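See structure below.
The values are calculated or read from the model by the stated rules, or taken from the named source; none is laboratory data. Just so you know, these numbers come straight off a predicted model, no measurement behind them. Neighbour counts are summed over all protein chains in view; Cβ atoms, including those assigned to glycine, are modelled from backbone coordinates with ideal geometry. Just the protein is used for accessible areas: all its heavy atoms, side chains included, with ligands, DNA and RNA removed. Shrake-Rupley method; radii C 1.70, N 1.55, O 1.52, S 1.80 Å.
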Amino acid sequence: MLFDNLTLTTLPPEDEALRAPVRAFLAEHMAGVPPDRRARSWSGFDADFSRALGAQGWIGLTLPQSHGGAGRSLLARFVLVEELLRAGAPVAAHWFADRQSAPHILKFGTAAQADFYLPRICRGEAFFCIGMSEPGSGSDLASVRTRATKTGNGWRLDGQKIWSTNAHHSHYMIALVRTSGDADSRHKGLSQVIVDLSLPGVTIRPIADLTGDAHFCEVFFDGVELAEDALIGNEGDGWLQVTSELAVERAGPERIYSSVVLLDAWLQHLRAQDRPSTSSLALAGRLLATTTVLRGLSISVNGLLAQGQSPVVEAALVKDLGTTLEQFVPQAIADALGEDPDAPLSDDLLRTLTYVAQISPTYSLRGGTREVLRGMIARGLGLR
């Protein structure tokens, strides 16, 4: 049954000790940044900030020291990420490379790939995006149509990806592609390749969202010539590899804390009042209690990952519950503010609420739609 192998995990003291220096670093680098900008956090792109973080040794924290990392545990990284998101730090530049691409290359790639990419990632010099979803496919990754065809010198890449966050700012993409069969082959014939996004034949078009930001992108491949060593792992193992990658993507604290800057700004609003309403205090308790429970689940799933397991279904549940909370926060806070229209409301809180309310529908899109995740959970429970 689901969660039979899940025991509650606590953060070890040596990992908790990382919190103080990270907070000191963030207090210096985030001073004076308003909450509506901090609310963008892991969609906020700032290459200089990422390089400063890399200089501290905090990108690639879990990677071996021989590849430029710090050799720390996944639970140490949990502490780091929790503090970055709490502060609303702009982490988008290095985010996917640190969270997914680097560990993925280390696990499935060649020694030459690891030697080339990992030190650059750790220094904040190589930014990656993810190429999974395609038009007409959404989160149904098994229906991938983008094709890498074997040539005499490597691979020819043709097709299209969509919702690739920050592709227009990235140096590389790890793309899930079809190397044999067709879309009806489903899981068979899928592979992963590293694509240098500066190559001829790559076209990137940002997609503007309702907030005016443009971090999602469409990426087109028209006869892109890739070297033979662009392939990650074995040809045809793409589905196995990508499901392992998704467990990492869905288990982190970013699936709980996307609305945390808004929540913090609202709690400050309540503290400034002489007598907050009973309903507002009850809501604050509900939100904090739910966040605490989900944080415990997320830490425990990361504990399984640290043991070398692949808790795909457990991670899907945490992601589904986490994004449900993240989307509830702006709605509930807006309702609470509406119940007390005479209470002074700062411009910072209003701007932050406006942004999070507009962007929150995307929370259940990125990393897999709610419908796909619930299908995975149902299978894990033996219900389908």
> Any idea which of (1) aliphatic (A, V, I, L, M); (2) in contact with a helix residue (DSSP H, G or I) (Cβ under 6 Å, 6 or more places away or on another chain); (3) not in a loop (DSSP other than H, G, I, E, B) is the one Ala52 doesn't satisfy?
Replying inline: (2)
>> Taking the conditions exactly as written (at pLDDT below 90, open to solvent by 20 Å² or more (accessible area, probe 1.4 Å) and not basic (Lys, Arg)), does Leu365 satisfy them or not?
In response: yes
> When you go through (1) closer than 30 Å to Leu263 by Cβ; (2) modelled with pLDDT of 95 or more; (3) of a type outside the set (Phe, Trp, Tyr); (4) open to solvent by less than 20 Å² (accessible area, probe 1.4 Å) one by one for Ile105, which number turns out not to apply?
Replying inline: (1)
>> So, in the range 327-345, exactly how many residues are modelled with pLDDT of 95 or more and of a type in the set (Asp, Glu)?
In response: 1
> Across the range 101-147, what is the total count of residues that are assigned to a loop (DSSP other than H, G, I, E, B), touching an Asp or Glu at 6+ places or on another chain (Cβ under 7 Å) and among the hydrophobic types (A, V, I, L, M, F, W, C)?
Replying inline: 1
>> For the range 175-210: of the residues being in contact (Cβ under 8 Å) with a residue 40 or more places away in the chain, among the charged types (D, E, K, R) and open to solvent by 40 Å² or more (accessible area, probe 1.4 Å), which is farthest from Ala102 (Cα to Cα)?
In response: Arg186
>> Suppose the filter is outside any strand (DSSP E or B), closer than 20 Å to His104 by Cα, of a type in the set (Gly, Ala, Ser) and modelled with pLDDT under 95; does Ser180 pass it?
In response: no
> Of the numbered conditions (1) under 14 Å from the mean Cα position of the chain (by Cα); (2) under 23 Å from Ser244 (Cα atoms); (3) not charged (D, E, K, R), Pro90 satisfies every one except a single condition; which is it?
Replying inline: (2)
>> Can you tell me which residue is nearest to the chain's Cα centre (by Cα) among those in the range 156-174 that are among the charged types (D, E, K, R) and open to solvent by 10 Å² or more (accessible area, probe 1.4 Å)?
In response: Asp158
